[in-house]
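In what follows, a single structure is set out as structure tokens and then discussed.
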Amino acid sequence: MAGSRTNSRLAGDLLIELSRAGDLPLHRQIEASIRDGIRSGRLRLGTSLPPTRTIAADLGVSRGVVVEAYQQLVAEGYLTSRTGGYTQVAIGPESTPTPVRSVPVPAPRIDFGYGRADVSNFPRVAWLRSIRRVLIEAPNDRFGYLSGRGVPELREALADYLNRVRGTSARPDDVVVSTGYAQGIALLVQVLAQSGAKRLAVEDPCADDDARLVAASAGLEVVGVPVDQDGIRVDVLDRTDADAVVLTPSHQWPTGGVLSAESRAAVLRWASRRGALVIEDDYDAEYRYDRAPIGAMQGLAPDHVVYAGSASKTLAPGLRLGWLVVPRHLVDDVAAAKIAADRGSAALDQLAFADFLSRGEFDRHLRRMRPVYRRRRDALLTALRERAPELEPVGVAAGLHLVAWLPPDLDENAMVNAAARRGLGVYGVAPYRISCAGDGGLIFGYATLSERTITEGISILAAVISEVRSGDPHPPGRGERFSRVGIVERAGAAAQAEHANDVYPRRDS
Ligand SMILES: Cc1ncc(COP(=O)(O)O)c(C=O)c1O
């Protein structure tokens, strides 16, 4: 991490050394800076650390990176999370270093991390066929500089697919291919700012990092609008004076609500009245288990809604493939912003995806994965019902994650930290709240875990609940906290073999 490109920056009054050139992940670098500050006495016992959002904005990293660093330091005992959502230095320089604290806490053995597709099921063979085919057949000019919208083959295939499956109203010329939703939202925010927009509304809570960071650097104010079980509160949105709103109407992230037909109509009336833009993040609509899919909002008002999709949940985030269906009056500006950003996405990947879509391989992959994810979701729901009935799962009908609300006597932070000490990765809703307080809840991603591992994880969670309830934590012993082998031995050889399935990739045939 040392080197000429290492920068010391003040982030929310904390001096953090960050290098984007080194091998060390960003969250590890932030951890190291704070740990050093505590060890040297620069950060004294009882000092309150700035909110993760502030540090993330100052450093230009996603909030998840800072949350991960804080969680690690809490697990190591350097920091403590206080009710009310703030974090304090838990030890003085005289109490460090102790041999125990200098040993890094391992990554969770069972990790309900959300937002992940099971990339071990990536359809490698079918993708390879598509790559091979397009490499042989693509005309030479596809290897030159391309339009900011993307290759025509992919825009045609996407428009066909989205109109057929998601009920959009898309022409190939309305489509702009991006490197994932992250870039798509950045391009949109940029275009909005250039056109004089001042305020961007987002759902509260939401996975707002992508939108929030670019909005802040483009000078747009971000306002959070609370969601209830039916999605965003349109009555509150109405009072925000926003120029655009980012929504996840098919499966609110993270709470899983579906925006009701009535609310959809109300949002569209709001957009039409204000001349505002609705950005529809349709991030996981393909995975719907118990009810018929709900068509995209874009199909109802293509002049007011940008549809945003991504291959990150359906195929793999590493592909960095995303797409926007943009109202006609904005599409040239968005395509120009894409050219200015990176001269266009990689042509071969776009052509391969176009081939994959138009040959029905994407549909086949989704048909194959839906029952896999459904079984994992069912295992999670059964385990929660049997072993943690005090938790209330919501938003279970779709996607790759669910939220379980906690009863008032179970503090969210205490649960997350106690679970981490037992090698269980569960994640709170609070870090994703913008300004609206709300009930404590845990987000469970289930897509990458086998059914047996899910059941085992929820058994550990049941012990965590008892520990937090007793108010007299009996943290696991050193072996359990710091030795991966110790935990696996206790869980048994079968679980160990099962866990191996979660870790090592399987190939499709
Ligand atoms: C709410 C939400 N939208 C969109 C995405 C997709 O982002 P990207 O395409 O940049 O990987 C994710 C991925 O986790 C997400 O959680």
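A few notes on this one:
- Residues that are small (G, A, S) and open to solvent by 20 Å² or more (accessible area, probe 1.4 Å) within segment 301-343 comprise S312, G318, A336, A340, A341, listed in sequence order.
- Number of residues in segment 285-304 that are within 16 Å of the ligand (Cβ to nearest atom) and farther than 26 Å from Y446 by Cβ: the value is 2.
- The strands (runs of 3 or more DSSP E) located wholly in segment 160-261 include none with 2 or more residues which are open to solvent by 20 Å² or more (accessible area, probe 1.4 Å), within 15 Å of the ligand (Cβ to nearest atom) and at pLDDT 95 or above.
- Residue match in segment 230-239 (condition: closer than 16 Å to D333 by Cα and not acidic (D, E)): no
- Neighbours by Cβ (under 6 Å, 6+ apart or cross-chain): first from segment 105-131, away from the ligand (no atom under 15 Å from the Cβ); second open to solvent by 40 Å² or more (accessible area, probe 1.4 Å): P106/R484; S120/P505; S120/R506; R124/R507
- Filtered by the rule that a residue be in contact with a helix residue (DSSP H, G or I) (Cβ under 6 Å, 6 or more places away or on another chain) and within 14 Å of A242 (Cβ to Cβ), segment 174-200 gives V189, L200.
- Near pairs, Cβ below 6 angstrom, 6+ apart or cross-chain, from segment 379-397 (surrounded by fewer than 16 Cβ atoms within 10 Å (Cβ to Cβ)) to any residue that is among the hydrophobic types (A, V, I, L, M, F, W, C): E392/W405
- Count of residues meeting criterion [open to solvent by less than 10 Å² (accessible area, probe 1.4 Å) and within 23 Å of the chain's Cα centre (by Cα)] in segment 405-415: 1
- Residue list for segment 145-159, filter: assigned to a loop (DSSP other than H, G, I, E, B) and either open to solvent by 50 Å² or more (accessible area, probe 1.4 Å) or modelled with pLDDT of 95 or more (or both): Y145, S147, G148, R149, G150, V151
- The residue that is modelled with the highest pLDDT, among those in segment 60-75 that are open to solvent by less than 20 Å² (accessible area, probe 1.4 Å) and more than 19 Å from the chain's Cα centre (by Cα), is L73.
- When D342, D282 are checked against the criterion of being within 16 Å of the ligand (Cβ to nearest atom) and farther than 28 Å from V258 by Cα, a single residue qualifies: D342.
The values are calculated or read from the model by the stated rules, or taken from the named source; none is laboratory data. Just so it is clear, the structure is predicted and the values come from calculations on it, not from any experiment. In this analysis, Cβ positions are derived from the backbone assuming ideal geometry, glycine residues included, and neighbour counts consider all displayed protein chains. All accessible areas refer to the heavy atoms of the entire protein, side chains included, with ligands and DNA or RNA removed. Shrake-Rupley method; radii C 1.70, N 1.55, O 1.52, S 1.80 Å.
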